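Read-outs throughout are calculated quantities, based only on the coordinates presented, and are distinct from any laboratory measurement. The shown structure was predicted, so the numbers you read here are calculated from the model rather than taken from an experiment. Here Cβ is always computed from backbone atoms with ideal geometry, including for glycine, and neighbour counts include all displayed protein chains.
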Amino acid sequence: MAPMTQQHFDQQLVGRRRVRAARGEPADFLLAQVAEDLADRLALVQRSFTAIADVATPTDALREAIAGRGWPLPLAAEPVESLARRRAAPVVVAPADALPFRDQSLDLAVSALGLQFVDDLPGVFAQVRRALKPDGLFLAAMLGGDTLTELRQAFAAAESEIDGGLSPRVAPFADVRDVGGLLQRAGFALPVTDSDRLTVRYGDVFALMRDLRAMGATNPLAGRRRVPLRRATLLRMAEVYHERFADPDGRIRATFQVVTLSGWAPHESQQKPLRPGSAKARLADALKAIELPTGEKPGG
């Protein structure tokens, strides 16, 4: 029997908060920007894609951006049934860690800000890899480890001071280097990862928290403290945030790190790395560097 994946996120809570967010005024500026960026990157790929799936993107923003550039509207894999009924067809109800796609059935799989709350990210990558045809592309974006670092620090300081200890308040997000390693482990060829840091300014921390609520992105941790946050702790957190992360005009900064990743299902036509020792020129010559024998150090 395979070992069970440790549960970091409360998936039912994630779904309920997404449903609640869908009923109100959305804060979709971040997702809209990421969707446009992914569609622009895809437009640079000289390839025709017909069988396309969108894995767990919270809205139709990415699907619409892709269709707007001439590709077919991707099939959406939506984890929440009630939200699936609100999405444009074609759509299938499926969580990101239990994808329904047949092996080698997709030309392209995409995802925008839908994978950062998945417990078994290696498993998701492996499923996507199996679903792609040879030379099929996986292109996705997710929140990275520096996201909301200011909020995390402010909560930690306030809880240490008021409550005498810490509780998990902000989700841990993936490190860009770890994501690249996971792509390799899943069997992707030519894996690439990069990241951008977006700074959003708010009048106060409560405006930031309202946006997070409207995104359906408030604390989804399975190990979160189940008692309400004390008012004194919340007010002290707001003070610390302003003290440490306010600009001269009094507005505070919030960081969102977006990690973009891509990988290809292996195919014989793809560029292969050279065998060790097969290079026709030495690296030192190419760099016009001085090569020292093993153990020898340059003189002072």
Which GluC sites (Glu not before Pro) from the stretch 1-101 combine a DSSP loop assignment with at most 10 other Cβ atoms within 10 Å? none
Sequence-distant residues sharing a close amide H with Leu198 (under 5 Å, placed H): Phe256, Gln257, Val258
Within the set of other residues whose C-beta is less than 12 Å from the C-beta of Phe173, count the net charge using Lys and Arg as +1 and Asp and Glu as -1. -2
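What does the charge count around Glu239 come to, taking other residues whose C-beta lies under 11 Å from its C-beta (Lys +1, Arg +1, Asp -1, Glu -1)? Write down the numbers at each step before the final one.
On the way: positive: Arg236, Arg244; negative: Glu161, Asp204, Glu243.
Summing Lys and Arg as +1 and Asp and Glu as -1 gives -1.
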